[in-house]
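Data first, discussion second: the structure below is written as structure tokens.
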Amino acid sequence: MQIGEPHLHFRTVGSTNTEARELAEAGAPSGTLVTSDEQTAGRGRQGRPWSTPAGAALAYSFILHREVRPPSTLPLQIGVAVCEAVEALGVDRAALKWPNDVWIDGLKCAGILVESRPQDGWAVAGIGLNLTVGRDEFPPELKGRATSVGHGAGAASATAALNEAIGRRLEIPFEETLDELSSRDALRGRTIGWDRGSGVAAGFDREGNLLIEGPAGHLTTLNTGEVHLEI
């Protein structure tokens with residue numbers, strides 16, 4: 001899949017996902033890309049704000065003409081691609097924390113938000129990627145939990161790396177991405193908690209659901225929601 005034709009880039013914007021949604025509603029083609037050096041009203045999962053400081057991070061959203069109904073494997077496919085793009089920018093190894101965070105050395109460098117309109121046959125996938133945000137520049141709630149790509153990465157090089165990696169991954173059946181996903185699983189073997197209990201992360205099934213092993217080997221399957229590491 002080719003991403004980036006056409007490509008609209010802003011110095012500053014409220015939300016690249018909002019801009020891309022408006023373009024999709026107006027009939028923009030699959031692969032249309034919206035990027036910005038700064039977001040003033042960016043958002044993550046469950047309506048959380050996502051900070052994109054000017055010149056130090058990249059906000060990246062593209063349109064996909066595909067019927068996407070949650071739960072979907074799309075965020076995980078994109079997550080693997082973001083890991084690959086980050087490594088192409090110089091990072092040794094990136095991992096994926098289910099369902100939508102990319103980590104470097106246990107710290108979050110990117111988040112993924114997929115918003116879909118199944119009845120109209122399109123989805124918008126947004127990525128917020130920290131490029132050169134310094135440790136002391138993160139907001140208080142993210143200090144010690146977030147990091148940046150570094151290695152001199154800029155908006156142009158990051159956009160090119162994401163275009164290539166995501167375009168390639170979306171052409172591959174999810175079953176072929178599953179092995180790569182499992183090798184990048186930041187949670188596997190670790191004790192995690194969620195709103196209904198806790199257990200040990202045990203990988204993914206073929207639909208991209210998170211498997212959690214509880215007492216006596218009982219497996220719980222999660223396809224939506226949030227999980228956190230337990231100490």
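Please tell me if VAL91 is outside any loop (DSSP other than H, G, I, E, B) and of a type in the set (A, V, I, L, M).
no
Exactly one of (1) closer than 30 Å to SER30 by Cβ; (2) assigned to a helix (DSSP H, G or I) is unmet by VAL149. Its number?
(2)
Within segment 77-111, track down each residue that is surrounded by fewer than 18 Cβ atoms within 10 Å (Cβ to Cβ) and among the acidic types (Asp, Glu).
GLU87, ASP92, ASP105
Okay, residues lined up against (1) surrounded by 14 or more Cβ atoms within 10 Å (Cβ to Cβ); (2) in contact with a Ser or Thr (Cβ under 8 Å, 6 or more places away or on another chain):
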site: GLU176; (1), (2): no, no
site: LEU181; (1), (2): yes, no
site: ARG188; (1), (2): yes, yes
site: ILE192; (1), (2): yes, yes
site: VAL227; (1), (2): yes, no
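Could you pull out the residue among GLY154, GLY144, GLY167, GLY134 that is surrounded by fewer than 18 Cβ atoms within 10 Å (Cβ to Cβ) and on the phi > 0 side of the Ramachandran plot?
Values: GLY154 fails: on the phi > 0 side of the Ramachandran plot; GLY167 fails: on the phi > 0 side of the Ramachandran plot; GLY134 fails: on the phi > 0 side of the Ramachandran plot.
Exactly one of GLY154, GLY144, GLY167, GLY134 is surrounded by fewer than 18 Cβ atoms within 10 Å (Cβ to Cβ) and on the phi > 0 side of the Ramachandran plot, namely GLY144.
Rundown of residues vs (1) at pLDDT 90 or above; (2) under 16 Å from ASP185 (Cβ atoms), yes/no style:
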site	(1), (2)
ARG48	no, no
GLY55	no, no
ALA59	yes, no
GLN77	yes, yes
LYS97	yes, yes
ASP101	yes, yes
GLY111	yes, no
GLU115	yes, no
ALA125	yes, no
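Just checking, how many residues over segment 83-98 are small (Gly, Ala, Ser) and more than 13 Å from SER157 (Cβ to Cβ)?
Final tally of qualifying residues: 2.
Among (1) among the acidic types (Asp, Glu); (2) loosely packed, with under 13 Cβ neighbours inside 10 Å; (3) in contact with a strand residue (DSSP E or B) (Cβ under 7 Å, 6 or more places away or on another chain), there is one condition GLU213 misses while meeting the rest; what is its number?
That leaves (2) as the condition not met.
Can you run down the residue pairs with Cβ atoms below 6 Å, 6 or more apart or on separate chains, where the first is in segment 5-33 and surrounded by 21 or more Cβ atoms within 10 Å (Cβ to Cβ) and the partner is aromatic (Phe, Trp, Tyr)?
ALA24/TRP122; LEU33/PHE62
Six or more apart or on different chains, Cβ atoms under 7 Å: show the pairs whose first residue is in segment 177-191 and closer than 12 Å to ILE212 by Cβ and whose second is at pLDDT 90 or above and assigned to a loop (DSSP other than H, G, I, E, B).
From residues that are closer than 12 Å to ILE212 by Cβ, the pairs are LEU187/TRP98.
So which residues in segment 163-210 are of a type in the set (Phe, Trp, Tyr) and closer than 17 Å to THR73 by Cβ?
If the condition is that a residue be of a type in the set (Phe, Trp, Tyr) and closer than 17 Å to THR73 by Cβ, then PHE174, PHE204 are the ones that fit.
Looking at the structure I just gave you, is THR159 in the same structural domain as ALA24 (by TED's automatic domain parsing) and more than 30 Å from ALA28 (Cβ to Cβ)?
no
Yes or no, residue by residue, for (1) part of a strand (DSSP E or B); (2) within 23 Å of ARG66 (Cα to Cα):
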{"residue": "GLY167", "(1), (2)": "no, yes"}
{"residue": "THR177", "(1), (2)": "no, yes"}
{"residue": "ARG188", "(1), (2)": "no, no"}
{"residue": "GLY199", "(1), (2)": "yes, no"}
{"residue": "GLU207", "(1), (2)": "no, yes"}
{"residue": "LEU211", "(1), (2)": "yes, no"}
{"residue": "THR221", "(1), (2)": "yes, no"}
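Just need a number here: residues in segment 112-131 that are within 18 Å of the chain's Cα centre (by Cα) and either assigned to a loop (DSSP other than H, G, I, E, B) or surrounded by fewer than 19 Cβ atoms within 10 Å (Cβ to Cβ) (or both).
2
The values are calculated or read from the model by the stated rules, or taken from the named source; none is laboratory data. Keep in mind that this is a model prediction, so the values were computed, not measured. Reconstructed Cβ throughout: ideal geometry from the backbone, glycine too, with neighbour counts over all protein chains shown.
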